[in-house]
Amino acid sequence: MNLHRLTLLFIKDNQVDAAEDTSCRAINLSLDGPTLSQLYEYHHNLGHISHHRGDMEAAIDHHKTSLEISRSPNSQVNQAGILACLVGLLLEAEKFDDAQVHLEHLKLQAVNDPGHLGIAMVAQAVIWYRQKKLEEARSELSRTIGFYAKIGISPDYVGSLKEFLQEIEEEINRRAVSDS
Ligand SMILES: [Zn+2]
């Protein structure tokens, strides 16, 4: 079994210490030193282990290191995946300015990648919502729902986006009432 997959399984089963150990072994196994993609996976795995442990700073740092590695000239790694992860963590940590910076990179990487483009649109709506830019959040989220309807994503997911949209609209209405 691929060591990276094994690590992910360990994380899923909450066997965090075992996962960390496997991550280290995945690096030590290569005799000529780790390849770029092994280093990338190593930090990415540690990022998720840190997240699982509730250490957001370490989770974000490891993801940023992975991102740097994926930007090396010889790297074959797709940056959209790590950017989407990093943006999600920064949103969770409520670091909206930093999230916005990486989100701009994600949008550029995801131009021809509907899956990651959708994630970028949702993340943008969340940032604007949390920054109280309700009108912007509403229009971005409506656009996202239309986009997902077109590419045919799971109805459950679209349903939860619609609930979020409704929440934003209610808040806009409450604001209008309290302003009048
Ligand atoms: Zn990740």
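Structure notes:
Residues checked against (1) farther than 20 Å from Leu161 by Cβ; (2) assigned to a loop (DSSP other than H, G, I, E, B); (3) in contact (Cβ under 8 Å) with a residue 12 or more places away in the chain:
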site: Leu89; (1), (2), (3): yes, no, yes
site: Asp98; (1), (2), (3): yes, no, no
site: Val101; (1), (2), (3): yes, no, no
site: Met121; (1), (2), (3): no, no, yes
site: Val126; (1), (2), (3): no, no, yes
site: Tyr129; (1), (2), (3): no, no, yes
site: Glu136; (1), (2), (3): no, no, no
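- Residues of segment 56-77 satisfying the condition of being within 13 Å of the ligand (Cβ to nearest atom) and under 17 Å from Lys95 (Cα atoms): Met56, Ala58, Ala59, Ile60, Asp61, His62, His63, Lys64
- Only one of the listed residues (Lys132, Lys95, Lys107) is within 16 Å of the ligand (Cβ to nearest atom) and surrounded by fewer than 19 Cβ atoms within 10 Å (Cβ to Cβ). That residue is Lys95.
- Residues in segment 105-115 that are more than 9 Å from Leu83 (Cβ to Cβ) and over 13 Å from the mean Cα position of the chain (by Cα): Leu108, Val111, Asn112, Asp113, Pro114.
- Subset of segment 150-161 (residues that are assigned to a helix (DSSP H, G or I) and surrounded by 14 or more Cβ atoms within 10 Å (Cβ to Cβ)): Val158, Leu161
Readers should treat all values here as calculations from the given coordinates under stated rules, not as data from a laboratory. Source: prediction; values computed, not measured. Here Cβ is always computed from backbone atoms with ideal geometry, including for glycine, and neighbour counts include all displayed protein chains.
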